[in-house]
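Report on the structure given below.
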Amino acid sequence: MVRIRLEHIDKVFGKKGREFKALDDISFEIEDNSFFGILGASGAGKTTIMRIIAGLETPTRGAIYFNDQVAASDGKDIIPVEDRNVGMVFQNWALYPHMTNYENIAFPLKSKHWSPEDIHRRITELARVLEISETLEKRPGEISGGQQQRVALARALAKNPSLLLLDEPFSNLDANRRDDARSLVRRVQEEYGITAVIVSHDPSDIFSLARKVAVIHSGRLIQIDTPGEIYDRPRNVRVAGSLGEINLLRGSTSLDGERLVIRVADARIPVPVAASDETWDREVTVGIRPEDLATENDVTNLGGSSEMVKFGTFEVDASNYVHGSFVVSMKVGEERLNVLSRLPVSPGSRLTVYVNASKIKLFDAQSGDLIP
Ligand code: ATP
């Protein structure tokens, strides 16, 4: 269908003297018929990248290619929006409230002068795939959020786009609807063999759909990789922090014989792998995900992994119920540590915590970069 390439894209907003650089030297490629994700916090520049790909915004510098054709270059649009053949789903779905759902989906086809018969055929097919046949004669205000989202998806897919752009498409859905919506989007992308791009600040959206992910921070590309690589080897603390819960603790490293030892306050974690030269005798930020920690009550259930080593015994501050388990918050010196527990634990009690030492990520304390 279509392969997209961004080369050294800058986007500057505002007038002279009050300029704001929203994108700074962004380059990446989106393969044909792939699902690509752009992850970043609010204001990172994700929507601006989408708008540049769609042709709704012109890059100040750099070029964008659709296959090998230049679509925009150095402040000039070469392929206009209407010729890029892009379908978009926005965060708020942007459906026309006074039209029926049928008319909403038909809208882009009417503006392309499709015949009423062709429009009818296309909408009937899309409504079947997206399971919204029963809602077509209603208006958007008369159906559920999940159905509105599917109507917006049907409208985006109506004119057979070569590229589907999804900008935070699930953020208006409640948590249990989101999983269904993600599965549907994945199925549609596969069924229609379309190139798709999703932007979100929510790592669950990105990880459940994208095969390749670009992480953006303050208008810069920080990392581009498969979801697995990004999760296992986040390039710096910022990337690690954008991927969901992670404990980031101040610590230091030393050597004990051949082995690395990580210190956090008074606690000492022996790491059961040989230390590389870069890793020892330095100030670090220690990154540990809650799923790589276990309390004394749960440690045997976690497979009794030989990599689980004792971290220390700490006082419990609080225990909150979240998504089927308890998040136990403890103090390790001045640092805070969150551990998942199957059982509630009383604040004030002391609990021994174990850690899967091979999963600990070490970042340089100053630069925040991952230490290999
Ligand atoms: P969100 O998730 O909140 O939508 P985002 O990552 O999509 O954030 P963008 O909408 O791309 O971020 O915005 C990136 C930066 O550019 C922000 O600081 C924003 O205020 C700024 N910006 C975006 N559009 C314009 C504009 N038309 N004029 C001036 N500044 C803009």
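The values are calculated or read from the model by the stated rules, or taken from the named source; none is laboratory data. Everything numeric in this text was worked out from a predicted model, so none of it was measured. Counting neighbours? That spans all protein chains shown, and the Cβs are built from the backbone with ideal geometry, glycine included.
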Handout entry: Hits in the range 169-186 (condition: within 20 Å of Arg3 (Cα to Cα) and surrounded by fewer than 19 Cβ atoms within 10 Å (Cβ to Cβ))
Key = Arg186
Problem - In the range 357-369, residue farthest from Thr313 (Cα to Cα) [restricted to those that are crowded, with 19+ Cβ neighbours inside 10 Å and at pLDDT 90 or above] - result: Phe363
Practice task
Could you tell me whether any residue of the range 112-120 is modelled with pLDDT under 95, in contact with a His (Cβ under 9 Å, 6 or more places away or on another chain) and surrounded by fewer than 21 Cβ atoms within 10 Å (Cβ to Cβ)?
Solution key: no
Practice task
Report yes if some residue within the range 134-152 is in a helix (DSSP H, G or I), touching a strand residue (DSSP E or B) at 6+ places or on another chain (Cβ under 8 Å) and surrounded by 12 or more Cβ atoms within 10 Å (Cβ to Cβ); otherwise report no.
Solution key: yes
Practice task
Please determine, by comparing only the residues of the range 37-65 that are surrounded by fewer than 23 Cβ atoms within 10 Å (Cβ to Cβ) and hydrophobic (A, V, I, L, M, F, W, C), which one is nearest to the chain's Cα centre (by Cα).
Solution key: Ala41
Practice task
Kindly indicate whether any position in the range 181-191 is closer than 22 Å to Ser42 by Cβ, of a type outside the set (Val, Ile, Thr) and assigned by TED's automatic domain parsing to the domain that holds Arg150.
Solution key: yes
Practice task
Determine which member of the set Asn33, Asn101 is touching a Lys or Arg at 6+ places or on another chain (Cβ under 8 Å) and touching a residue at least 24 places away in the same chain (Cβ under 8 Å).
Solution key: Asn101
Practice task
Go through the range 66-89 residue by residue and tally those that are touching a residue at least 60 places away in the same chain (Cβ under 8 Å) and either surrounded by 16 or more Cβ atoms within 10 Å (Cβ to Cβ) or not assigned by TED's automatic domain parsing to the domain that holds Leu23 (or both).
Solution key: 6
Handout entry: Criterion (closer than 20 Å to Ala210 by Cβ, not in a strand (DSSP E or B) and not polar (S, T, N, Q)) met by exactly one of Ala156, Ala196
Key = Ala156
Exercise for the section: Output the strands (runs of 3 or more DSSP E) that fall wholly within the range 1-101 and possess 3 or more residues being under 29 Å from Ser208 (Cβ atoms) and within 16 Å of the ligand (Cβ to nearest atom), or say none. Expected result: 4-13, 20-30, 35-39
Problem - Qualifying residue in the range 94-113 (condition: touching an Asp or Glu at 6+ places or on another chain (Cβ under 6 Å) and within 20 Å of Arg155 (Cβ to Cβ)) - result: yes
Exercise for the section: Just give me the residues in the range 312-335 being surrounded by 14 or more Cβ atoms within 10 Å (Cβ to Cβ) and within 25 Å of the chain's Cα centre (by Cα), in sequence order. Expected result: Ser325, Phe326, Val327
Problem - Among residues of the range 142-195, those that are within 16 Å of the ligand (Cβ to nearest atom) and among the polar types (S, T, N, Q), counted - result: 2
